[in-house]
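Trainee: I have a structure I would like to understand better, so I am pasting it below and will then ask my questions one at a time.
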Amino acid sequence: KAGVTQTPRYLIKTRGQQVTLSCSPISGHRSVSWYQQTPGQGLQFLFEYFSETQRNKGNFPGRFSGRQFSNSRSEMNVSTLELGDSALYLCASSEGDSYSYGYTFGSGTRLTVV
Amino acid sequence: DQQVKQNSPSLSVQEGRISILNCDYTNSMFDYFLWYKKYPAEGPTFLISISSIKDKNEDGRFTVFLNKSAKHLSLHIVPSQPGDSAVYFCAASDSGNTPLVFGKGTRLSVIA
């Protein structure tokens, strides 16, 4: 069974630009969550999609958005990039509709904003 | 307000000894807890979990202990091996109905 696939692995963008990150969950997993990891803050929850609907949202500004497609693949978009958006963005998929199933994470996309 | 706290950013242990990683939580609604391990350039991988109906769960060299009254859990690794060197994250959820809340992680170094 293929794992969670995130593309691209690395990205360098300039302040003010926008970026789109992609995540393909494990086949059969309907829930996709996104987390931001920074050295000082650990893993911060961005949002979660289940069956194409945003089910939960973290405390991030509206510049951060996402969506999920009918095949469960998900994208997240960050507009008007700021230097502080530099981070590792992790996608995680889950089998059922309960978080007690736990997550399987992808390897992440390392975003650097210059 | 940090609901899951890992107060030790780093821990160094000799190979063969016990590693104890600690985690405290403040939200009394949390009743499901997980530990993840993360190597550089990889995503976190699930290690072990425990629900609040238990106070201990074992899986091979890994044991998680939960003290609900103290809102504290710990991960014990015995014996520690160099391959255990990684960042360990504690995570918690409210009845599986809320997204996992993670601590900031503890970097474990196992010295040969």
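Trainee: For B:K37, are the conditions met, namely being within 22 Å of A:L43 (Cβ to Cβ) and touching a residue at least 12 places away in the same chain (Cβ under 8 Å)? Spell out how you get there, then give the answer.
Mentor: Numbers: within 22 Å of A:L43 (Cβ to Cβ): yes; touching a residue at least 12 places away in the same chain (Cβ under 8 Å): yes.
Answer is yes for this residue.
Trainee: Further question: Could you please give the count of residues in region A:21-56 that are surrounded by fewer than 16 Cβ atoms within 10 Å (Cβ to Cβ) and farther than 19 Å from A:G102 by Cβ?
Mentor: Residues flagged as surrounded by fewer than 16 Cβ atoms within 10 Å (Cβ to Cβ) and farther than 19 Å from A:G102 by Cβ within region A:21-56 amount to 8.
Trainee: Oh, and also: Taking only pairs six or more apart or across chains, which ones have beta-carbon atoms under 8 Å, a first residue in region A:76-93 that is in contact (Cβ under 8 Å) with a residue 12 or more places away in the chain, and a second residue that is part of a helix (DSSP H, G or I)?
Mentor: Listed by first residue and then by second, the contacts come to A:V78/A:D85.
Trainee: Considering only residues that are touching a Lys or Arg at 6+ places or on another chain (Cβ under 9 Å), assigned to a strand (DSSP E or B) and at pLDDT 95 or above, look in region A:14-31 and name the one that is nearest to the other protein chains (Cβ to nearest Cβ).
Mentor: Here the residue is A:C23.
Trainee: Could you check, for region B:91-101, whether at least one of its residues is away from chain A (no Cβ under 11 Å), assigned to a loop (DSSP other than H, G, I, E, B) and among the β-branched types (V, I, T)?
Mentor: Applying the first criterion (away from chain A (no Cβ under 11 Å)) to region B:91-101 yields none.
No, there is no match, as no residue in region B:91-101 is away from chain A (no Cβ under 11 Å), assigned to a loop (DSSP other than H, G, I, E, B) and among the β-branched types (V, I, T).
Trainee: Do you know which of the residues in region A:71-114 that are modelled with pLDDT under 95 and in a loop (DSSP other than H, G, I, E, B) is farthest from the other protein chains (Cβ to nearest Cβ)?
Mentor: If we take residues in region A:71-114 being modelled with pLDDT under 95 and in a loop (DSSP other than H, G, I, E, B), then A:N71 is farthest from the other protein chains (Cβ to nearest Cβ).
Trainee: Just to be sure I understand, how many residues within region A:53-70 are within 19 Å of A:Q6 (Cβ to Cβ) and assigned to a loop (DSSP other than H, G, I, E, B)?
Mentor: Result for region A:53-70: 3.
Trainee: Hey, among B:S8, B:S12, which residue is surrounded by fewer than 17 Cβ atoms within 10 Å (Cβ to Cβ), away from chain A (no Cβ under 11 Å), within 12 Å of the chain's Cα centre (by Cα) and in contact (Cβ under 8 Å) with a residue 60 or more places away in the chain?
Mentor: Numbers: B:S12 fails: within 12 Å of the chain's Cα centre (by Cα).
The conditions single out B:S8.
Trainee: Return the only residue of B:S80, B:S28, B:S93 being out of contact with any Gly (no Cβ under 8 Å at 6 or more places or on another chain), among the polar types (S, T, N, Q) and either surrounded by fewer than 21 Cβ atoms within 10 Å (Cβ to Cβ) or over 23 Å from A:G58 (Cα atoms) (or both).
Mentor: Working: B:S80 fails: out of contact with any Gly (no Cβ under 8 Å at 6 or more places or on another chain); B:S93 fails: either surrounded by fewer than 21 Cβ atoms within 10 Å (Cβ to Cβ) or over 23 Å from A:G58 (Cα atoms) (or both).
The unique qualifying residue is B:S28.
The values are calculated or read from the model by the stated rules, or taken from the named source; none is laboratory data. Everything numeric here is computed off the predicted structure, so don't read it as measured data. Positions of Cβ are generated from backbone atoms using ideal geometry, with glycine treated the same way; all protein chains shown enter the neighbour counts.
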